[in-house]
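Visitor: Dumping the structure here so I can ask a few things about it.
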Amino acid sequence: MAIKLGWYAKENERTIHHGKIPRVGGLAIFIAFLIGSVLFVEKNETLRAVILRGSIIFVEGFLDDIFDVKPLVKIIFQLAAATVLIFMGNVYLKVIRLPFNIVLNINLLGYIVTYLWIVGITNAVNLLDGLDGLASGFCIIVLMTIAIISAIFKIRNSYIISLVLAGSAMGFLFHNFHPASVFMGDCGSQFLGFMIAAISVYSFKSTTFITLAIPIILLFVPIFDTFSAIARRTLEHQKISAPDKRHFHHILMNNLDLGQTGATLTIYCITAVFGFTAYSYIVDPATGGTILLLLVIIFEIFIEYTGMISNTYRPILSILDKIASRHYHKSDKSKE
């Protein structure tokens, strides 16, 4: 039907696929999720709000896949869905928990942080959908980790809805892994991104750990990619919404010659490592925090080495170059 109606991904200078591939595969994920939710999820007002607002995002993404909706319209839809989720579903951050048992009542600021989180993660996952099977596989790993952590905290509805959504994405991944026969499109990537953002706030807003620490660790890859893109386009005086082929997965695929499958599997592994880090953070915050710090440093060096933001941005590598240069000169003098 998608091919007959023209709902397929068009080839251009930015695309890496060939042929007419349907781009509304998110419809399968959405329908499977609705059926699974009816069968397995215990209903309450909050979860109804989460599912209903996810439906709004799906509809907006579906329209975008068909008519190419403007970025401003996308943001309006996302803000509208977030508004109903926050005020009807009561899903928002009321406190921010910091180390050393410091708890801040943020009141109105909590609404702003929740808006930024939901809209930011929705678009971050959407940006990640650049290679066959990348976004769907990434979301499966994140959702399975959320399910495990929710089970540890005994948040039953959270781990059930996470498993239902992961199962919906997993069924789709069989048709979406390289070479893909169908793309999820914005209706799939934005829906998954919105649901992950909403579930993470719903699940962890009342935990005793640092607020949003767990979901930030889990979603580090798309968050890192999004901030890198914003910094890169700002420095190059481009629109933030301007597309390019310098995202994290493009760097892995082209600059490091990993290819589509290699880049996708690499990001799967990285996401799994961050999932393990999130789990470690729950078991032992000091160990988890140390692992996270090392991972952040590695990613910073990767950004500088590949010129992902700018070829002139090299703070850590410049320091390492100076240290290496001093060591080289000292060794030369000792030989003399």
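The values are calculated or read from the model by the stated rules, or taken from the named source; none is laboratory data. Source: prediction; values computed, not measured. Quick reminder, even Gly has a Cβ in these numbers, built from the backbone with ideal geometry, and neighbours come from all protein chains shown.
Visitor: Looking at segment 173-223, which of the residues that are among the polar types (S, T, N, Q), in contact with a Ser or Thr (Cβ under 6 Å, 6 or more places away or on another chain) and under 24 Å from HIS247 (Cα atoms) is modelled with the highest pLDDT?
Guide: Step one: list which residues in segment 173-223 are among the polar types (S, T, N, Q), which gives 176, 181, 189-190, 200, 203, 206-208, 211.
With the extra rule that they be in contact with a Ser or Thr (Cβ under 6 Å, 6 or more places away or on another chain), the set shrinks to 176, 190, 203.
The next check asks that each one be under 24 Å from HIS247 (Cα atoms); those that pass are 176, 190.
Numbers: ASN176: 90, GLN190: 93.
Filtering first and then ranking leaves GLN190.
Visitor: Kindly check whether there is at least one residue in segment 109-126 that is buried (at least 24 other Cβ atoms within 10 Å of the Cβ), small (Gly, Ala, Ser) and out of contact with any strand residue (DSSP E or B) (no Cβ under 7 Å at 6 or more places or on another chain).
Guide: So far as segment 109-126 goes, no, none of its residues is buried (at least 24 other Cβ atoms within 10 Å of the Cβ), small (Gly, Ala, Ser) and out of contact with any strand residue (DSSP E or B) (no Cβ under 7 Å at 6 or more places or on another chain).
Visitor: Then there is this: Can you pull out every residue in segment 274-303 that is in contact with a Phe, Trp or Tyr (Cβ under 7 Å, 6 or more places away or on another chain) and among the small types (Gly, Ala, Ser)?
Guide: Correct list: GLY288, GLY289.
Visitor: I'm trying to understand the selection: among the residues of segment 277-302, which are surrounded by 14 or more Cβ atoms within 10 Å (Cβ to Cβ) and within 14 Å of ILE148 (Cβ to Cβ)?
Guide: THR277, ALA278, TYR279, SER280, TYR281, ILE282
Visitor: Can we say ILE316 is assigned to a helix (DSSP H, G or I), within 16 Å of PHE224 (Cβ to Cβ) and at pLDDT 85 or above?
Guide: Answer is yes for this residue.
Visitor: A further question on this structure: Out of segment 303-317, which residues are of a type in the set (Phe, Trp, Tyr) and under 22 Å from GLN238 (Cβ atoms)?
Guide: TYR313 - this is the single residue of segment 303-317 that is of a type in the set (Phe, Trp, Tyr) and under 22 Å from GLN238 (Cβ atoms).
Residues are listed down the side, and each one gets a yes or a no for (1) assigned to a loop (DSSP other than H, G, I, E, B); (2) touching a helix residue (DSSP H, G or I) at 6+ places or on another chain (Cβ under 7 Å); (3) buried (at least 18 other Cβ atoms within 10 Å of the Cβ):
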site: SER189; (1), (2), (3): no, yes, yes
site: SER200; (1), (2), (3): no, yes, yes
site: ILE214; (1), (2), (3): no, yes, yes
site: PHE224; (1), (2), (3): no, yes, yes
site: GLN238; (1), (2), (3): yes, no, no
site: SER241; (1), (2), (3): yes, yes, no
site: ILE251; (1), (2), (3): no, yes, yes
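Visitor: Hey, among the residues in segment 262-276 that are of a type outside the set (Val, Ile, Thr) and under 22 Å from PHE227 (Cβ atoms), which one's surrounded by the most Cβ atoms within 10 Å (Cβ to Cβ)? Steps first, answer last, please.
Guide: To start, the set of residues in segment 262-276 that are of a type outside the set (Val, Ile, Thr) comprises 262-263, 265, 268-269, 272, 274-276.
From what's left, under 22 Å from PHE227 (Cβ atoms): 263, 268-269, 272, 274-275.
Numbers: ALA263: 24, TYR268: 16, CYS269: 11, ALA272: 15, PHE274: 22, GLY275: 21.
For segment 262-276, the residue satisfying everything is ALA263.
Visitor: Exactly one condition in (1) free of Cβ contacts under 8 Å to residues at least 60 places away in the same chain; (2) within 30 Å of LEU72 (Cα to Cα); (3) surrounded by 14 or more Cβ atoms within 10 Å (Cβ to Cβ) is not met by LEU219; state its number.
Guide: LEU219 satisfies every listed condition except (1).
Visitor: Still on this structure: For segment 127-153, what are the residues that are in contact with a Lys or Arg (Cβ under 9 Å, 6 or more places away or on another chain) and either at pLDDT 90 or above or buried (at least 24 other Cβ atoms within 10 Å of the Cβ) (or both)?
Guide: SER150
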